[in-house]
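Presented below is the structure to which this report refers.
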């Protein structure tokens with residue numbers, strides 16, 4: 001697809017002067033997460049490392065080499081160097097008895113426990129609700145935090161994952177306006 005504007009981020013590069021050696025532990029810099037903003041809202045995270053290298057009297061020959069394949073149509077394709085790239089391992093996450101916790105502004109609700117996810121992957125109670133005092137200005141609303149835990153034996157539970165929803169607009173129930181209903185009944 002075509003390139004779309006994702007947003008902006010701020011980063012402080014690791015600076016290497018021409019008289020410094022390009023070697024660990026400062027170089028290459030470690031990957032860090034940077035929050036991407038589109039307007040006033042967050043649009044995601046960027047996993048990147050930034051460095052600023054001063055070119056010495058030897059010119060570009062003093063810079064560390066960049067190895068890797070190139071694609072002439074799109075420009076150079078630069079692989080993440082081994083010193084920066086995290087080592088990946090495969091893990092298997094098994095969840096047998098999940099429970100969902102939803103929290104906002106210190107109040108919340110817990111789902112019913114699914115006794116056996118493999119036999120019946122549905123919650124026994126589908127709708128739950130809770131009341132919370134929120135500012136009228138939507139920009140000041142706290143996030144809605146969703147956690148999934150796996151309930152284990154002897155009352156132990158393990159966090160499987162969590163997510164924060166920044167906009168509550170879709171989840172707030174607003175009762176219908178009673179004055180708007182009266183026009184239907186009169187006349």
| said: Could you tell me the center-to-center distance, by alpha carbons, between the range 72-139 and the range 6-24 in angstrom? | reply: 33
| query | Taking the alpha-carbon set of the chain, what are its Rg and Dmax in Å? | reply | 26.0, 91
| field | Max mean-square fluctuation residue, GNM over the chain, Cα-Cα springs under 10 Å, options 147, 99, 174 | value | 174
| query | Under the rule of -39500 (n - 2.57) per DSSP H run of 4 or more residues, summed and divided by the residues of the chain, what mean residue ellipticity at 222 nm is obtained, to the nearest 500 deg cm²/dmol? | reply | -1000 deg cm²/dmol
| remark: Listing 128, 12 by rising number of other beta-carbon atoms within 10 angstrom, fewest first, gives 12, 128
| Relative contact order for the range 98-171, counting Cα pairs under 8 Å that sit 6 or more residues apart, in percent | 31
| remark: Note on the chain: contact order normalised by length, alpha-carbon pairs under 8 Å, 6 or more apart, percent, works out to 13
| query | Of the residues 48, 112, 153, which exhibits the maximal mean-square fluctuation in a Gaussian network model of the chain defined by a 10 Å Cα contact cut-off? | reply | 153
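We did not get these values from a lab; they are worked out from the coordinates using the rules stated. Since the structure is predicted, the reported quantities are computational estimates derived from the model, not experimental observations. No Cβ is skipped: glycine too gets one built from the backbone with ideal geometry, and neighbour counts run over all protein chains shown.
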